[in-house]
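I have placed the structure first, in the form of structure tokens, so that the comments after it can refer back to it.
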Amino acid sequence: MDESKKRLVQRLIRRIPTKMLKTTLEKWGHLTGEQLRAMDSIQSKWALTESLLAICEENELAVKHLTELEMIYMIDNPDQGMWYAFQLTDPGDDAQSVDLMQFKEQFKSHLREIVRQVSVKIKKHTDEAVWIRIAWGDTYSRPDHLKPTYVVHYLQTPYVFVTRLNSKQKPILFQAMVLSTRYQYFKDANLSGRNLTAIRDLLMRKYQQVFPTKYPSPLTERKQTVTNPHVEREQAKPAANRLQMACEAFGGGTLPQLQSAVYKLETKFRDHTNTLMTEREEPFRCVVKFSSTNLLESLKNCASSGIASTPVTPLLSSIPLKGKNYFVITDNGPGPSSQRRQTQN
Amino acid sequence: MERHHNSVTVQRRSKTKSYRLSYRSGIGAASRLGFTPGLTARRLNTSRKAPKSNNITEKVTKEQLALLVKTEWKLSYVTPLYQFRHTQLKSYSRQLSAFIAAEKQQGLAVDVEGTQNRFRASFSLVQEMTESVDDAVTVLIQIHSKPLIARQDEPRRPVWSGWLTCINGNLEYLRSLPKDFICLPLFCSSEAGGLTSLVKSWFQQSFDCCFGPLEISHTSLQWLMALWTNCQPESSIRQLKMIWTLPVEPQLQVTYTVDAEDAWQLWSSVRKENTAGAGEENSIDIEEVMSFMQGLKGHFFRHFRLDLSAGRLNEVSTALGSAKHSGRIKFSNSKYMITTLMLLTECALLKMPI
């Protein structure tokens, strides 16, 4: 048997959790009912691998069938590894009319023009997303199916999400993407995260941004050991106010799950007690990274609890507003008097 | 060598300083319940010498140094050891090997000579790694082991190491100890299996001492930031990194990384004129450390309107080393190890329930 096929089967069985294997194999549709039942009764990963290899021989399934199995699993479980968002800009006149067939054909042929040894598989998912799996090779080697790049593109939109792409492959993908979508440029959207749905929702403004103006008494949830009506009345208003501002900045309801945000600060150091540093010409260089299991939720909580002053600084509210989580901050203008900051890419 | 606030009287005079409270919280309640008057009212020094490059590479053997700088150590404090002799290391090596074998084999007969023993402990001295004549010589303990099923000639591999040290321990305290006690208050151990607890119990049984966890307090972490940043002109710190956690749900972690040169510029801007000068009297004052911290926090607040003081400083690191609140330390550059160890020795002495 082909060694690469064997390794691909090993990899697939190792990656797919046993409890999900059955449904994934069913969706794949290359196994007979009897083979499915037989696979379902096996417990150990090693035995599963051996069994699937035997089935591949029996049903004459090739690498291309196995990559399809991988795609099915990947589409159902996309939250593995880091996803990076990109944006196509300057659409051509016919950009809106590119359909799936056209895109498929063009993308494959453009990519093959640049790299001879490449294996591309394109699949349309139910939610209008086109999933692309690229296994890269080079002049001397055949496509490596163990390290494929995954690209998710929403047709007729400028949004592209990519995972497992190395810097050598980047320009190649960009070129093929631009040519087959009829856009001019491809740029980094400065947004990344482990949860594909979350970064898609942020960038495409799909999540519910409810900005209610009135909240039913936010203090009822809090358990306070000592209740003093005067203290409560005194605190209720600022607390409600903070929550209001927190929601205005980050939105109500469930927030998209983002893991981190990075700010590269190259701004002047200003502190009225420290003239030496304030008079310094050069910016104070530092990098600040915020991380959490749900970053937007944490930041909202900072604002509503008072750890962050309200109104929330535009720097933090830019994350949901601009759909970005990587920022470079510089002082706008050379003079020390300028207070405005701008974000650059 | 200069000493600061070692006696109660000196300390009372400087009591007005507002940092006292935060020091107290860092020390823990235990140290205030002790008997030794010199130490009960003590707190962390408010001033310390600027680190100077200490070429211990010339004094300490290469193997020992490689071990000391490559590992992340877990810190504990140890009370003074009763009748510990630096001349008895060979015998201690045998005893500890036998002790480990006995504990591991639970009641089976043990060959005390250790020829068949799977674990072999060895004690050695780290000569010359001291700052004052009153410091006891640092003791290094290494444990080598063979896999359970091994050929006769297979060499033992190092599985655990640890060391006890005292760098620039408080003179007054060291001299007040009865004759039979050796003070090596700082215990650093690599973490592997249950060996750390076995070594600790052997020490407890043999030298009537006790161990306790040593966390690196908020103040000590800030001290380390300042001491390391102060080395920048001589030896690049590459960057100054702080990790904070903020108490919100879900927990927010802030990693604040400052460019090495800019960190140093900020540091030199808060140094006081009289102390910043070169020469013998180059000392660093706690107020300078606090201003440095305030500057960093202020710059952060100006951008994010988020108060880091509401959170906890968990970890600081530079190219010279890293320290964690949980009591873990890594020395990445042997040149400035002594300064860090002086601070940690002081912390260990303060934490001790004497």
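The values are calculated or read from the model by the stated rules, or taken from the named source; none is laboratory data. Being a predicted model, the structure only gives us computed values, none of them experimental. Heads up, the Cβs are rebuilt from the backbone with ideal geometry, glycines too, and the neighbour counts pull from every protein chain shown.
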Can you spot a residue in segment A:125-139 that is in contact with a Pro (Cβ under 8 Å, 6 or more places away or on another chain) and aliphatic (A, V, I, L, M)? yes
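Going by what's in this entry, would A:F284 be described as out of contact with any strand residue (DSSP E or B) (no Cβ under 6 Å at 6 or more places or on another chain), crowded, with 20+ Cβ neighbours inside 10 Å, within 7 Å of chain B (Cβ to nearest Cβ) and modelled with pLDDT of 95 or more?
yes
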Of (1) away from chain A (no Cβ under 14 Å); (2) in a loop (DSSP other than H, G, I, E, B); (3) farther than 29 Å from B:K49 by Cβ, B:G169 satisfies all except one. Which? (3)
Tell me, which residue of segment B:232-265 that is within 10 Å of chain A (Cβ to nearest Cβ) and assigned to a loop (DSSP other than H, G, I, E, B) is surrounded by the most Cβ atoms within 10 Å (Cβ to Cβ)? B:V248
I'd like to check something: does segment B:210-231 contain any residue that is within 14 Å of chain A (Cβ to nearest Cβ) and touching a helix residue (DSSP H, G or I) at 6+ places or on another chain (Cβ under 6 Å)? yes
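When you scan segment A:204-216, do you find a residue that is part of a loop (DSSP other than H, G, I, E, B), charged (D, E, K, R), farther than 30 Å from A:F250 by Cβ and under 20 Å from the mean Cα position of the chain (by Cα), even just one? Write out each step before concluding.
Let us first name the residues in segment A:204-216 that are part of a loop (DSSP other than H, G, I, E, B), namely A:204-216.
From what is left, the residues that are charged (D, E, K, R) are A:205-206, A:214.
Now narrow it down to the ones that are farther than 30 Å from A:F250 by Cβ: none.
Looking for residues that are part of a loop (DSSP other than H, G, I, E, B), charged (D, E, K, R), farther than 30 Å from A:F250 by Cβ and under 20 Å from the mean Cα position of the chain (by Cα), one finds none in segment A:204-216, hence no.
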Segment A:19-79: helices (runs of 4 or more DSSP H) wholly inside it with 1 or more residues that are farther than 25 Å from A:T163 by Cβ are A:33-41, A:45-59
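Yes/no per residue for (1) touching a Ser or Thr at 6+ places or on another chain (Cβ under 9 Å); (2) crowded, with 17+ Cβ neighbours inside 10 Å; (3) more than 14 Å from chain A (Cβ to nearest Cβ); (4) modelled with pLDDT under 90:
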residue: B:G277; (1), (2), (3), (4): no, no, yes, yes
residue: B:V289; (1), (2), (3), (4): yes, yes, yes, no
residue: B:L296; (1), (2), (3), (4): no, yes, no, no
residue: B:L343; (1), (2), (3), (4): yes, yes, yes, no
Please tell me if B:S291 is in contact (Cβ under 8 Å) with a residue 12 or more places away in the chain, at negative phi and not assigned by TED's automatic domain parsing to the domain that holds B:T71. yes
Can you tell me how many residues in segment B:109-134 are surrounded by 20 or more Cβ atoms within 10 Å (Cβ to Cβ), at pLDDT 80 or above and assigned to a loop (DSSP other than H, G, I, E, B)? 1
Scanning for something assigned to a strand (DSSP E or B), at pLDDT 95 or above and in contact with a Ser or Thr (Cβ under 7 Å, 6 or more places away or on another chain), does segment A:123-134 turn up at least one residue? yes
Residues that are aromatic (F, W, Y), buried (at least 21 other Cβ atoms within 10 Å of the Cβ) and touching a residue at least 24 places away in the same chain (Cβ under 8 Å): does segment A:152-169 have at least one? yes
Within the bounds of segment A:93-115, is there any residue that is in a strand (DSSP E or B) and not assigned by TED's automatic domain parsing to the domain that holds A:G323? no
Which numbered condition B:L195 fails, given (1) closer than 27 Å to B:D134 by Cβ; (2) buried (at least 20 other Cβ atoms within 10 Å of the Cβ); (3) not acidic (D, E): (1)
Suppose we filter segment A:248-263 for residues that are under 23 Å from the mean Cα position of the chain (by Cα) and either more than 17 Å from A:L321 (Cα to Cα) or assigned to a helix (DSSP H, G or I) (or both); how many remain? 2
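In segment A:290-336, what count of residues is obtained for those that are part of a loop (DSSP other than H, G, I, E, B), surrounded by fewer than 17 Cβ atoms within 10 Å (Cβ to Cβ) and β-branched (V, I, T)?
1
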Regarding segment B:317-331, can at least one residue be identified that is within 13 Å of chain A (Cβ to nearest Cβ), touching a Phe, Trp or Tyr at 6+ places or on another chain (Cβ under 6 Å) and in contact (Cβ under 8 Å) with a residue 60 or more places away in the chain? no
For segment A:271-279, indicate whether the set of residues that are crowded, with 19+ Cβ neighbours inside 10 Å, modelled with pLDDT of 90 or more and in a strand (DSSP E or B) is non-empty. no
What are the residues in segment B:152-166 that are hydrophobic (A, V, I, L, M, F, W, C) and part of a strand (DSSP E or B), if any? B:V159, B:W160, B:W163, B:L164
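Within segment B:311-332, is there a residue that is of a type outside the set (G, A, S), touching a strand residue (DSSP E or B) at 6+ places or on another chain (Cβ under 7 Å) and assigned to a helix (DSSP H, G or I)?
no
Regarding A:E266, is this residue surrounded by fewer than 19 Cβ atoms within 10 Å (Cβ to Cβ), assigned to a loop (DSSP other than H, G, I, E, B), of a type outside the set (S, T, Y) and within 11 Å of chain B (Cβ to nearest Cβ)?
no
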